[in-house]
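Q: Can you keep this structure in mind? I'll have questions shortly.
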Amino acid sequence: MTSRVKGEALLQALSGGPRSAGDLAGEFGVSRQAMRLHLHLLREAGLVVLEGQKRGARWRRLFDLSMAWPLPLPAGLAEDRMWDEVRARLTELAPSLTAEAERVLRHAATEMLNNAIDHSSGSEVRLALRIEGDVVDMLISDDGVGALQHVRRSFGLASDLDALAHLQKGKQTSDPARHAGEGLFFTSKMVDQFALDSG
């Protein structure tokens, strides 16, 4: 993105509700074509969606908070410090979040961030949150090989279905010296809904 249009600033501009590309272009002082390019980049990252058509088309942000870190992580940065960065922003977005809900979010976030850091072989990991009333949706994503593909390769399994069955057993890890293999299993049990999208 150009120096005049930063991703976080654009997402902030959409925090008040859906807006047209023309309206956003005027606010940022760029052409509509340039603004559409920036919005399409955010859509490819899964952060915004286009609703409606032609003159009625409006862009809407999908998450209230989105943060990204490079992989491998810089020295001194680990999943607990990543969560501290998220929590600082979460306090503003969800001031009434209970201590129990925050503990569940912290555990889920740090476990899934750790999986991405140690197993994805990707170049970036991202955390995004959407808050609607007392419901918090969290998305942890990376641009790596995919969890099921990693498990298939590590254990010589024939299909993604075999890899999923392997994960559901719990205590399965491709790195037993560093992991107990319980992160994904227990995280999936402690939240109301859990989805794994791989590859």
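The values are calculated or read from the model by the stated rules, or taken from the named source; none is laboratory data. None of the values given here were measured: they were computed from a predicted structure. Neighbour counts run over all protein chains shown; Cβ positions are idealised from the backbone, glycine included. With ligands, DNA and RNA removed, areas are computed over all heavy atoms of the protein, side chains included. Shrake-Rupley method; radii C 1.70, N 1.55, O 1.52, S 1.80 Å.
Q: Which FRET efficiency, nearest 0.05, do Asp80 and Asp134 yield, Cβ-Cβ r, R0 22 Å?
A: Details: r = 25 Å, r/R0 = 1.15.
E between Asp80 and Asp134, to the nearest 0.05, is 0.30.
Q: Calculated from DSSP H runs of 4 or more alone, at -39500 (n - 2.57) each and per residue, what is the 222 nm mean residue ellipticity of the chain, nearest 500?
A: Numbers: 8 runs with 90 residues, N = 199.
One gets -14000 deg cm²/dmol as the mean residue ellipticity at 222 nm.
Q: Across the chain, what fraction of all alpha-carbon pairs, as a whole percent, falls in each successive 10 Å bin from zero upward?
A: 8, 31, 31, 21, 8, 1
Q: Turning to a different aspect of this structure: For Lys169, give me every one of the lysines with a C-alpha distance below 18 angstrom, ignoring sequence neighbours fewer than eight places off in its own chain.
A: Lys189
Q: Ok, one more. Kirkwood hydrodynamic radius, computed over distinct alpha-carbon pairs, for the range 61-172: how many Å, to one decimal? The partial results should precede the final answer.
A: Numbers: mean 1/r = 0.0654 Å⁻¹.
Radius from the Kirkwood sum: 15.3 Å.
Q: Could you tell me the calculated FRET efficiency between Ser96 and Ala57, based on Cβ-Cβ distance and R0 = 35 angstrom, to the nearest 0.05? Please report the intermediate quantities before stating the final value.
A: On the way: r = 34 Å, r/R0 = 0.98.
According to the calculation, E is roughly 0.55.
Q: Using the heavy atoms of the protein chains and a 1.4 angstrom probe, tell me the accessible area per residue for the chain in square angstrom.
A: Roughly 59 Å² per residue, with all protein chains present.
Q: Ignoring ligands, DNA and RNA, what percent of the accessible area of the range 42-199 is carbon or sulfur (1.4 Å)?
A: Numbers: 4590 of 9520 Å².
Here it works out to 48 percent.
Q: Could you give the radius of gyration (one decimal) and Dmax (whole number) of the Cα atoms in the range 29-85, in Å?
A: For the range 29-85, the Cα-based Rg and Dmax read 16.0, 48 Å.
Q: So what's Rg/Rh here for the range 1-115, counting alpha carbon atoms and using the Kirkwood radius for Rh? Numbers along the way, then the final one.
A: Numbers: Rg = 16.7 Å, Rh = 16.0 Å.
On the Cα set of the range 1-115, Rg over Rh gives 1.04.
Q: Plugging the Kirkwood radius over Cα pairs into Stokes-Einstein for the range 102-145, at a temperature of 10 °C and a viscosity of 1.306 mPa s, what D comes out in µm²/s? Write out the running numbers ahead of the final one.
A: Numbers: Rh = 11.1 Å.
Answer from the Stokes-Einstein relation: 143 µm²/s.
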